[in-house]
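Accompanying notes for the structure given below.
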Amino acid sequence: LAKTTQPISMDSYEGQEVNITCSHNNIATNDYITWYQQFPSQGPRFIIQGYKTKVTNEVASLFIPADRKSSTLSLPRVSLSDTAVYYCLVGDLFYNQGGKLIFGQGTELSVKP
Amino acid sequence: SAVISQKPSRDICQRGTSLTIQCQVDSQVTMMFWYRQQPGQSLTLIATANQGSEATYESGFVIDKFPISRPNLTFSTLTVSNLSPEDSSIYLCSVKQETQYFGPGTRLLVL
């Protein structure tokens, strides 16, 4: 399973755009890139998932370069409620590796007023 | 999306006892997973529990310590046996559909 590397922590201010980059140099052909958000005392919550290029939903955008060895989660205009831990995961969408996701250390984002 | 509930939400247990955690899903799912999250740490996969087969444990986790049941496609239990303070963690149930969903977790404190 591909290992991921992300910054341990990031600070931002309300209204700013936040970009969190994740490295996954050993990503396999069948692997998708998925980002989760976790608030204290809650289970992780799915944010966005992609395979290549750019994916956008109502919460975030995910940018994946052509070599897929990294990805960037972009959170537009963050608010205090976006303070959480963000996990980048790489896994096989098609169950070839049992479908399990392996969590890295995550990035603790702190949004200040 | 799947809605997952866990019982209990939290518990305090004495060392040497056991705690069984229940995970209920609002739809039928083949693949279920149990994770552990120690204080201030990331999630660690304990085992994969597919209905109709024995659970598959990750390195460092054994069936005697973490027995799992998966009687049907909407329910699973994880038992943490012979508790010690090192077992104090959050235990999370997860299921896979179009993506992977997580339950709210069970916070365990062992005294």
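The values are calculated or read from the model by the stated rules, or taken from the named source; none is laboratory data. Bear in mind the structure is a predicted one, so any value in this text is a computation, not a measurement. No Cβ is skipped: glycine too gets one built from the backbone with ideal geometry, and neighbour counts run over all protein chains shown. All accessible areas refer to the heavy atoms of the entire protein, side chains included, with ligands and DNA or RNA removed. Shrake-Rupley method; radii C 1.70, N 1.55, O 1.52, S 1.80 Å.
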- [ ] May I ask you to rank B:65, A:3 by accessible area, largest first, using a 1.4 Å probe over the protein chains only?
- [x] A:3, B:65
- [ ] Enter the accessible area per residue of the protein assembly as shown (Å², integer; probe 1.4 Å; all protein chains in place).
- [x] 48
TODO: Could you work out, residue by residue across A:40-46, how many beta carbons of other chains sit within 10 Å of that residue's beta carbon, and then give the average as an integer?
DONE: 6
Open item on the list: What is the percent carbon and sulfur in the accessible area of chain B, measuring with a 1.4 Å probe over the protein chains and ignoring ligands?
Closed with: 49
- [ ] Enter the mean number of other protein chain beta carbons within 10 Å of the beta carbon of each residue in A:20-27, as an integer.
- [x] 0
- [ ] From zero up to wherever the largest Cα-Cα distance of the protein assembly as shown sits, split into 10 Å bins and tell me the percent of pairs in each.
- [x] 8, 33, 34, 20, 5, 0
TODO: Quick one: compute the contact order of chain A, relative version, from alpha carbon pairs under 8 angstrom and 6+ residues apart, as a percent.
DONE: 36
TODO: List, in order, the whole-Hz ³J(HN,Hα) value for each residue of region A:17-27 obtained from phi through the Karplus relation with A = 6.51, B = -1.76, C = 1.60 and θ = phi - 60°; use x for Gly and Pro.
DONE: 8, 10, 10, 10, 9, 10, 9, 8, 5, 9, 4
TODO: Assuming a ≥ b ≥ c are the square roots of the Cα gyration tensor eigenvalues, decide whether chain B counts as rounded (a/c under 1.5), prolate (otherwise, with a/b larger than b/c) or oblate.
DONE: prolate
Open item on the list: Need one word for region A:1-92: rounded, prolate or oblate. Basis is the Cα gyration tensor (sqrt eigenvalues a ≥ b ≥ c); a/c below 1.5 gives rounded, then a/b vs b/c decides.
Closed with: prolate
Open item on the list: At 7 Å along Cα-to-Cβ for each site, give me the label-to-label distance between residue A:52 and residue A:23 in nm.
Closed with: 2.3
Task: Shielding of B:96-104 by partner chains, average beta-carbon count, 10 Å - done: 5
Task: Value of relative contact order over chain B, rounded to a whole percent, pairs C-alpha under 8 Å and six or more apart - done: 38
- [ ] Using Cβ-Cβ distances only, list the Cys residues of chain B with no partner cysteine under 4.7 Å, sorted by number.
- [x] B:13
Open item on the list: Using a 7 Å offset from the Cα along the Cα-to-Cβ direction at both residue B:18 and residue B:44, what is the distance between the two label points in nm, to one decimal?
Closed with: 2.1
- [ ] With only Lys, Arg, Asp and Glu charged, each at its Cβ (+1 for the first two, -1 for the last two), find how big the charge dipole of the protein assembly as shown is about the Cα centre; round to the nearest 20 debye.
- [x] 100
- [ ] Pop a pseudo-label 7 angstrom from the Cα along the beta-carbon direction at both residue A:112 and residue A:41 and give the gap in nm to one decimal.
- [x] 2.6
Task: Karplus-derived 3J(HN,Hα), 6.51/-1.76/1.60, for each residue of region A:76-84, Hz, glycine and proline x - done: x, 6, 5, 10, 4, 6, 8, 5, 5
Open item on the list: Highest mean first, how do A:4-12, A:104-112 rank when packing is the count of other Cβ atoms within 10 Å averaged over residues?
Closed with: A:104-112, A:4-12
